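A short worksheet on the structure shown next.
The values are calculated or read from the model by the stated rules, or taken from the named source; none is laboratory data. Note that this is a predicted model, so its numbers are computed, not measured. Every residue, glycine among them, receives a Cβ derived from its backbone with ideal geometry; neighbour counts consider all protein chains shown. Only protein heavy atoms, including side chains, enter the accessible area calculation; ligands, DNA and RNA are left aside. Shrake-Rupley method; radii C 1.70, N 1.55, O 1.52, S 1.80 Å.
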Amino acid sequence: MNILNILLMTPQAGAQGGGNSYISFLFFGGMIVVMWLFMIRPQTKKAKLQKQFIDNLKEGDKIVTIAGIHGKVKKMNDNNTVLMEVSPGTNFTIERSAISMEYTVAQQKAAETK
(Lines give C-alpha, C1' and ligand atoms only; values in the text may rest on other atoms or scores of the structure.)
Protein backbone atom coordinates (compact mmCIF):
# COMPACT_ATOMS: atom_id res chain seq x y z
CA MET A 1 0.00 0.00 0.00
CA ASN A 2 1.38 3.37 -0.98
CA ILE A 3 2.08 5.74 1.95
CA LEU A 4 0.66 8.68 -0.01
CA ASN A 5 -2.69 6.87 -0.34
CA ILE A 6 -2.76 6.31 3.40
CA LEU A 7 -2.00 9.96 4.18
CA LEU A 8 -4.51 11.34 1.71
CA MET A 9 -7.12 8.73 2.66
CA THR A 10 -7.79 7.93 -0.98
CA PRO A 11 -9.11 4.50 -1.91
CA GLN A 12 -6.93 2.03 -3.72
CA ALA A 13 -7.37 1.70 -7.48
CA GLY A 14 -10.37 -0.49 -8.20
CA ALA A 15 -11.91 -0.03 -4.74
CA GLN A 16 -15.21 1.72 -4.39
CA GLY A 17 -15.07 4.86 -2.27
CA GLY A 18 -18.54 6.33 -2.60
CA GLY A 19 -18.93 7.10 1.13
CA ASN A 20 -15.32 8.13 1.61
CA SER A 21 -15.76 11.47 -0.15
CA TYR A 22 -18.61 12.42 2.21
CA ILE A 23 -16.55 11.51 5.24
CA SER A 24 -13.63 13.58 3.99
CA PHE A 25 -15.95 16.52 3.31
CA LEU A 26 -17.46 16.27 6.80
CA PHE A 27 -14.01 15.94 8.36
CA PHE A 28 -12.67 19.08 6.68
CA GLY A 29 -15.90 20.98 7.36
CA GLY A 30 -15.65 19.99 11.02
CA MET A 31 -12.06 21.18 11.15
CA ILE A 32 -13.08 24.57 9.77
CA VAL A 33 -15.84 24.87 12.39
CA VAL A 34 -13.45 23.93 15.19
CA MET A 35 -10.86 26.45 13.98
CA TRP A 36 -13.54 29.14 13.88
CA LEU A 37 -14.75 28.31 17.40
CA PHE A 38 -11.34 28.10 19.05
CA MET A 39 -9.21 30.55 17.08
CA ILE A 40 -11.05 33.13 14.99
CA ARG A 41 -14.01 33.87 17.27
CA PRO A 42 -11.94 34.56 20.44
CA GLN A 43 -9.57 36.81 18.51
CA THR A 44 -12.50 38.79 17.15
CA LYS A 45 -13.93 39.21 20.65
CA LYS A 46 -10.54 40.29 22.01
CA ALA A 47 -10.10 42.86 19.21
CA LYS A 48 -13.57 44.25 19.92
CA LEU A 49 -12.78 44.59 23.66
CA GLN A 50 -9.46 46.31 22.85
CA LYS A 51 -11.24 48.82 20.60
CA GLN A 52 -13.86 49.55 23.29
CA PHE A 53 -11.09 49.98 25.87
CA ILE A 54 -9.23 52.50 23.72
CA ASP A 55 -12.44 54.37 22.82
CA ASN A 56 -13.35 54.72 26.53
CA LEU A 57 -10.02 56.21 27.62
CA LYS A 58 -10.12 59.71 29.02
CA GLU A 59 -7.66 62.27 30.31
CA GLY A 60 -6.08 61.27 33.62
CA ASP A 61 -6.35 57.50 33.10
CA LYS A 62 -3.26 55.50 33.98
CA ILE A 63 -2.10 53.39 31.04
CA VAL A 64 0.65 50.98 30.02
CA THR A 65 1.90 50.74 26.44
CA ILE A 66 2.68 47.49 24.63
CA ALA A 67 6.35 48.37 25.19
CA GLY A 68 5.76 48.49 28.95
CA ILE A 69 5.93 52.27 29.44
CA HIS A 70 3.70 53.46 32.29
CA GLY A 71 2.06 56.87 32.27
CA LYS A 72 -1.12 58.94 32.35
CA VAL A 73 -3.26 60.16 29.49
CA LYS A 74 -2.70 63.89 29.30
CA LYS A 75 -4.58 64.64 26.09
CA MET A 76 -6.55 62.65 23.51
CA ASN A 77 -5.70 63.96 20.04
CA ASP A 78 -7.99 63.77 17.01
CA ASN A 79 -5.47 61.97 14.79
CA ASN A 80 -5.55 58.66 16.78
CA THR A 81 -2.68 59.72 19.00
CA VAL A 82 -2.47 60.26 22.73
CA LEU A 83 -0.26 62.65 24.66
CA MET A 84 1.02 60.52 27.53
CA GLU A 85 2.74 61.99 30.60
CA VAL A 86 5.44 59.62 31.83
CA SER A 87 6.75 61.84 34.60
CA PRO A 88 6.06 65.51 35.45
CA GLY A 89 7.26 67.51 32.45
CA THR A 90 7.99 64.47 30.27
CA ASN A 91 5.40 63.75 27.60
CA PHE A 92 5.25 61.21 24.78
CA THR A 93 2.96 61.22 21.79
CA ILE A 94 1.91 57.63 21.09
CA GLU A 95 -0.60 55.89 18.85
CA ARG A 96 -3.81 54.78 20.55
CA SER A 97 -3.22 51.27 19.22
CA ALA A 98 0.03 51.13 21.25
CA ILE A 99 -1.92 51.12 24.53
CA SER A 100 -2.17 47.61 25.96
CA MET A 101 -5.46 46.64 27.54
CA GLU A 102 -3.95 43.58 29.26
CA TYR A 103 -1.01 45.43 30.81
CA THR A 104 -3.17 48.38 31.86
CA VAL A 105 -5.82 46.19 33.52
CA ALA A 106 -3.14 44.09 35.25
CA GLN A 107 -1.42 47.25 36.52
CA GLN A 108 -4.73 48.65 37.81
CA LYS A 109 -5.54 45.38 39.60
CA ALA A 110 -2.08 45.30 41.18
CA ALA A 111 -2.54 48.89 42.40
CA GLU A 112 -5.94 48.00 43.94
CA THR A 113 -4.55 45.07 45.93
CA LYS A 114 -1.76 47.12 47.51
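Once the Cβ-Cβ distance between PHE28 and LEU83 is put in as r, and R0 is 35 Å, what FRET efficiency do you end up with, to the nearest 0.05?
Values: r = 50 Å, r/R0 = 1.44.
Plugging the Cβ-Cβ distance into 1/(1 + (r/R0)^6) gives 0.10.
With every protein chain kept in place and ligands, DNA and RNA left out, what is the accessible area per residue of segment 57-113? Probe 1.4 Å, answer in Å². Could the numbers behind the result be given before it?
Working: 3600 Å² over 57 residues.
The answer is 63 Å² per residue.
Along Cα→Cβ, 7 Å out, is where each label goes; now give me the distance between the ones at GLU95 and LYS74 in nm to one decimal.
2.2 nm
Taking a 1.4 Å probe, which of ASP61, ASP55, ASP78 shows the most accessible area, and what order do the others take after it? Can you show the working numbers first?
Values: ASP61 35, ASP55 90, ASP78 160 Å².
The ordering from most to least exposed comes out as ASP78, ASP55, ASP61.
I need the phi-derived Karplus couplings for segment 23-34: 6.51 cos²θ - 1.76 cosθ + 1.60, θ = phi - 60°, integer Hz, Gly and Pro marked x.
Once rounded to whole Hz, the list reads 5, 4, 4, 5, 4, 5, x, x, 5, 5, 5, 5.
Take the solvent-accessible surface of the protein heavy atoms, probe 1.4 Å, and return the percent of it on segment 68-113 that carbon and sulfur atoms account for. Working shown, then result.
Details: 1510 of 2930 Å².
Carbon and sulfur together cover 51 percent of it.
With every atom except the alpha carbons ignored, what do you get for Rg and Dmax of segment 54-114, in angstroms?
Calculated on Cα positions, Rg and Dmax stand at 11.0, 36 Å.
Over segment 57-113, calculate the relative contact order: mean separation of alpha carbon pairs under 8 Å at least 6 apart, over the residue count, as a percent. Spell out each step's value before the answer.
Numbers: 89 pairs, mean separation 17.6, N = 57.
The normalised contact order for segment 57-113 reaches 31 percent.
If DNA, RNA and ligands are ignored and the probe is 1.4 Å, what is the ranking of LEU49, LEU26, LEU37, LEU83 by accessible area, most exposed first?
Numbers: LEU49 95, LEU26 125, LEU37 75, LEU83 45 Å².
Output order, biggest surface exposure first: LEU26, LEU49, LEU37, LEU83.
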